[in-house]
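Student: Have a look at the structure that comes next, please.
The values are calculated or read from the model by the stated rules, or taken from the named source; none is laboratory data. Quick caveat, the model's predicted, so the values are computed rather than measured. Cβ sites come from the backbone with ideal geometry, for glycine too, and all protein chains shown count toward neighbours.
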């Protein structure tokens, strides 16, 4: 599928920069952190913070109906939104769900989405307390989540000398997505089916995020792809991140290599582009690394995100632009 | 425009009832009020409450590009969402904006929306602190707003013997919408142009809502139409609302009669169906009525919302179903 108009439109980063300029200065004493991190941070009583995020999944852009059940979609939308709260080391408190549904949508579809959201609520200890229903051209779920944190983790704060940590495997969900795109629906061989499950059934890493508080200097959830989110962390912290390619292989989803052989794609590229496993990428002192974190690199003075292979540094590329889908492999309309 | 599929789909009320069943029991100690009011209510420190809402506007469903500028759209989306906070007698604290944009959207469109949202932020004292951008089939803005209240007003609590109050004129925005639908774009004679402005440039009645705290027993914002929202208040409070037709005429937008003559429609029907002026409908003791509230009826034992004309009671009809658009006059796809 090719959409030439997408090439003419502004990139997501350009649009966000435009909005940052427009909203600059519009703040209040309640706001600790505005646009630019995984979640906004508001002042709460007793020195604590509220963290608050919103996330959206749209049919034909982020998913197709043949790829997953409605309950899986509802559950997935909630975990994806809560992942931003997890990346701040916060505890989710509640969520609201705004549904856009085409005319003629049967109640069974809405019940399915709701059952999946209710399952995510139970898994995450985060009830759905309200929402909105509108008609629209395709199914979309916008989820807003409130969380609470004594000391929220942010994207800035990584320091030269820190280790770079990955919590959770990466690449599996991306391989699953590529396989869904190639085959149009669920199914396929063992490793492919397992990777599709990784895409369909992600888990927000709330407990792991909370254990990073007091250990990590900075954290981001890997939702746009490891390469893109490593750049976000490097840019926000004003440092250079160096990912060690040998160590990265150790952090791959165990089914990634086999799935990529079946797909005929490079597992390294898939791992760097992969985002929807909702792993956490953090930086902190080696001595403070929690047991579930895999060291995958280091923080240095400098700029940008780099990959080191046999002593050579190359700029990390890849990742997902929510407006452009630059690699041509995402579904689009 | 007719969309037969819309007739087969479930109504908004049926879908919300479905979701209430699915989410029943999923709550926590943090939640004071879940699904079913203008906004959810969460516990905050010191006995205060957070109120929290989400609202969505979709191109081709709630607006057409020819009807208003992008900055007007952004401003309008923010005021519409904050109106739910106003109806709870709460003070808005901050908002997040999730944009869905077609591929190829120029940055000028996003800047326009953002400038309108920034204007609303200043008007409402409610900064935009973050958001999300996704690609999708048409422009949509989902706005989530957090507010704070010592004692939030709710839909339940109206008591037999209360007066029924309207804060703000009604019908103007509905007449403006009908004129935009009829003509396809802005323009027209004086009263029509004024009513179109009422639709394009609504104002969330935050100060008025806060003055109702300690005076009103229950409150709702008139967003689905006076008839529909009166039913919401009656059902939630377990009472009968009786709207006096003579007094209702006194609460009409001053340009309504003239605009309806030009449109060839009945101003009474337009006033009862009109929602997007974002007036507030409240119930309270006559002795506690604030000066800006117009008494339009009374609360009795019984059920439902009724219109009294020369001593005769008829059931109040009309109002907007966000899934069905039952009166055939809203734009649809």
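Student: Looking at (1) within 20 Å of the chain's Cα centre (by Cα); (2) within 10 Å of chain B (Cβ to nearest Cβ); (3) assigned to a loop (DSSP other than H, G, I, E, B), which is the one condition that is false for residue A:105?
Tutor: (1)
Student: Can you report the number of residues in the range B:8-55 which are farther than 26 Å from residue B:94 by Cβ and in contact (Cβ under 8 Å) with a residue 40 or more places away in the chain?
Tutor: Going through the range B:8-55 one residue at a time, the tally reaches 6.
Student: Related question: Out of the residues in the range B:51-74 that are assigned to a strand (DSSP E or B) and more than 8 Å from chain A (Cβ to nearest Cβ), which is surrounded by the most Cβ atoms within 10 Å (Cβ to Cβ)? Explain how you work it out, then say what you get.
Tutor: From the range B:51-74, those assigned to a strand (DSSP E or B) are B:51-59, B:63; that's our starting set.
Subsequent filtering for residues that are more than 8 Å from chain A (Cβ to nearest Cβ) retains B:51, B:59, B:63.
On the way: B:51: 31, B:59: 22, B:63: 22.
Once the filter is applied, the top-ranked residue is B:51.
Matching residues to (1) crowded, with 24+ Cβ neighbours inside 10 Å; (2) within 14 Å of another protein chain (Cβ to nearest Cβ); (3) touching a strand residue (DSSP E or B) at 6+ places or on another chain (Cβ under 6 Å):
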| site | (1), (2), (3) |
| --- | --- |
| A:110 | yes, yes, no |
| A:117 | yes, yes, yes |
| A:179 | yes, no, no |
| A:196 | yes, no, no |
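Student: Quick one: in the range A:14-30, which of the residues that are more than 7 Å from chain B (Cβ to nearest Cβ) and at pLDDT 80 or above is surrounded by the most Cβ atoms within 10 Å (Cβ to Cβ)? Walk me through it before giving the result.
Tutor: Taking the range A:14-30 first, the residues more than 7 Å from chain B (Cβ to nearest Cβ) are A:17, A:20-21, A:24-25, A:29.
So of that shortlist, the ones also at pLDDT 80 or above come out as A:17, A:20-21, A:24.
Values: A:17: 15, A:20: 13, A:21: 11, A:24: 11.
Selected residue: A:17.
Student: To continue, here is another question. So, residue A:82, is that one facing chain B (nearest Cβ under 8 Å), at pLDDT 95 or above and touching a strand residue (DSSP E or B) at 6+ places or on another chain (Cβ under 7 Å) or not? So that I can check it myself, show each step before the final result.
Tutor: Details: facing chain B (nearest Cβ under 8 Å): no; at pLDDT 95 or above: yes; touching a strand residue (DSSP E or B) at 6+ places or on another chain (Cβ under 7 Å): yes.
No.
Student: If you check residue A:124 against the conditions, is it surrounded by 21 or more Cβ atoms within 10 Å (Cβ to Cβ) and away from every other protein chain (no Cβ under 14 Å)? First the steps, then the outcome.
Tutor: On the way: surrounded by 21 or more Cβ atoms within 10 Å (Cβ to Cβ): yes; away from every other protein chain (no Cβ under 14 Å): no.
No.
Student: Looking only at the range A:298-333, which residues are at pLDDT 90 or above and within 23 Å of residue A:15 (Cα to Cα)?
Tutor: A:303, A:304, A:305, listed by residue number.
Student: Out of (1) within 14 Å of another protein chain (Cβ to nearest Cβ); (2) within 17 Å of residue B:55 (Cβ to Cβ); (3) within 19 Å of the chain's Cα centre (by Cα); (4) crowded, with 21+ Cβ neighbours inside 10 Å, what's the single condition that is false for residue B:154?
Tutor: Checking residue B:154 against (1) within 14 Å of another protein chain (Cβ to nearest Cβ); (2) within 17 Å of residue B:55 (Cβ to Cβ); (3) within 19 Å of the chain's Cα centre (by Cα); (4) crowded, with 21+ Cβ neighbours inside 10 Å, the one that fails is (2).
Student: Also, quick follow-up: Exactly one of (1) at pLDDT 95 or above; (2) within 23 Å of residue B:224 (Cα to Cα) is unmet by residue B:61. Its number?
Tutor: Failing condition for residue B:61: (1).
Student: Taking strands (runs of 3 or more DSSP E) that fall entirely within the range A:108-225, which contain at least 3 residues that are within 23 Å of residue A:89 (Cβ to Cβ)?
Tutor: Numbers: elements: A:128-135, A:140-149, A:163-167, A:216-221.
By residue number, A:140-149, A:163-167, A:216-221.
Student: Looking at (1) at pLDDT below 95; (2) within 13 Å of another protein chain (Cβ to nearest Cβ); (3) over 15 Å from the mean Cα position of the chain (by Cα), find the lone condition where residue B:185 falls short.
Tutor: Unmet condition: (2).
Student: Moving on. Considering only residues of the range B:129-144 that are in contact (Cβ under 8 Å) with a residue 40 or more places away in the chain and out of contact with any helix residue (DSSP H, G or I) (no Cβ under 6 Å at 6 or more places or on another chain), which is surrounded by the fewest Cβ atoms within 10 Å (Cβ to Cβ)? Write out each step before concluding.
Tutor: Quick first cut of the range B:129-144, residues in contact (Cβ under 8 Å) with a residue 40 or more places away in the chain only: B:138-144.
Subset that is out of contact with any helix residue (DSSP H, G or I) (no Cβ under 6 Å at 6 or more places or on another chain): B:138-140, B:142, B:144.
On the way: B:138: 17, B:139: 21, B:140: 28, B:142: 30, B:144: 29.
Applying the filter and picking the extreme gives B:138.
Student: Output the residues belonging to the range A:40-50 that are within 7 Å of chain B (Cβ to nearest Cβ) and within 20 Å of the chain's Cα centre (by Cα). Quick ask: steps written out before the conclusion?
Tutor: First, the residues of the range A:40-50 that are within 7 Å of chain B (Cβ to nearest Cβ): A:40, A:42, A:44-46.
Hit for the range A:40-50 is A:40, nothing else.
Student: If only one of A:111, A:119 is within 21 Å of residue A:203 (Cα to Cα) and over 17 Å from the mean Cα position of the chain (by Cα), which one is it?
Tutor: Working: A:111 fails: within 21 Å of residue A:203 (Cα to Cα).
Of the residues listed, the single one that is within 21 Å of residue A:203 (Cα to Cα) and over 17 Å from the mean Cα position of the chain (by Cα) is A:119.
Student: Determine, yes or no, whether residue A:93 is touching a strand residue (DSSP E or B) at 6+ places or on another chain (Cβ under 8 Å) and either closer than 21 Å to residue B:31 by Cβ or surrounded by fewer than 16 Cβ atoms within 10 Å (Cβ to Cβ) (or both).
Tutor: Working: touching a strand residue (DSSP E or B) at 6+ places or on another chain (Cβ under 8 Å): yes; either closer than 21 Å to residue B:31 by Cβ or surrounded by fewer than 16 Cβ atoms within 10 Å (Cβ to Cβ) (or both): yes.
So residue A:93 passes the test.
Student: Going by the conditions given, is residue A:231 out of contact with any helix residue (DSSP H, G or I) (no Cβ under 7 Å at 6 or more places or on another chain), closer than 23 Å to residue A:81 by Cα and assigned to a helix (DSSP H, G or I)? Walk me through how you get there before you give the answer.
Tutor: On the way: out of contact with any helix residue (DSSP H, G or I) (no Cβ under 7 Å at 6 or more places or on another chain): yes; closer than 23 Å to residue A:81 by Cα: yes; assigned to a helix (DSSP H, G or I): yes.
So residue A:231 fits the description; yes.
Student: Does residue B:98 qualify as being in contact with a strand residue (DSSP E or B) (Cβ under 7 Å, 6 or more places away or on another chain) and more than 10 Å from chain A (Cβ to nearest Cβ)?
Tutor: Numbers: in contact with a strand residue (DSSP E or B) (Cβ under 7 Å, 6 or more places away or on another chain): yes; more than 10 Å from chain A (Cβ to nearest Cβ): no.
No; evaluated as a whole, the condition is false for this residue.
Student: Which of the residues belonging to the range B:222-251 are surrounded by fewer than 21 Cβ atoms within 10 Å (Cβ to Cβ) and at positive phi?
Tutor: B:238
Student: When you check residue A:270 against the structure, is it modelled with pLDDT of 95 or more, buried (at least 17 other Cβ atoms within 10 Å of the Cβ) and not in a loop (DSSP other than H, G, I, E, B), yes or no?
Tutor: It is false that residue A:270 is modelled with pLDDT of 95 or more, buried (at least 17 other Cβ atoms within 10 Å of the Cβ) and not in a loop (DSSP other than H, G, I, E, B).
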